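Derivation of every value follows stated rules applied to the coordinates shown; laboratory data play no part. As the structure is a prediction and not an experimental result, all values here were calculated from the model. Methodologically, a virtual Cβ is constructed for each residue, glycine included, from the backbone with ideal geometry; neighbour enumeration extends over all protein chains shown.
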Amino acid sequence: MQALSHFSYHITGGFYALCDLQGGIYRHEVVLSGPVILSRHGEHSLTDLGPHGISSFFSRHRCNDYCRPHWTAPANRVPYFRPVQGNPMIRRTVPTASSRPFGARGMY
């Protein structure tokens, strides 16, 4: 997933980086969740930390077997933000009962 993030930066000419990927391989499919798009101008969402987010990602990224030597990376690799486990944008408790259709019980 780290290589995919690096590739996304390279293929977009350094304008975007697809980061914070989570998930895994389940049977015959790959499931990715919680993606964040970091952009050069910070124009996507509250989770888009802009160029400082891109710099922070690359400050911790170590190329692996899936990265290619010719892929571009930013010159500025300063850790402006420290990693946080989980998603700080989501509350820790979720009120599920109010999101169920009227009369629904349990799992569907």
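Points worth noting:
- Loop-resident sites, segment 1-77, for trypsin sites (Lys or Arg not before Pro), counting at most 11 other Cβ within 10 Å (DSSP): ARG27, ARG62
- Translational diffusion coefficient (Stokes-Einstein; Kirkwood radius from C-alpha pairs) of segment 1-81 at 10 °C, 1.306 mPa s, in µm²/s: 122
- When the convex hull of its Cα atoms is projected in every direction, mean area for segment 1-44 (nm²): 3.3
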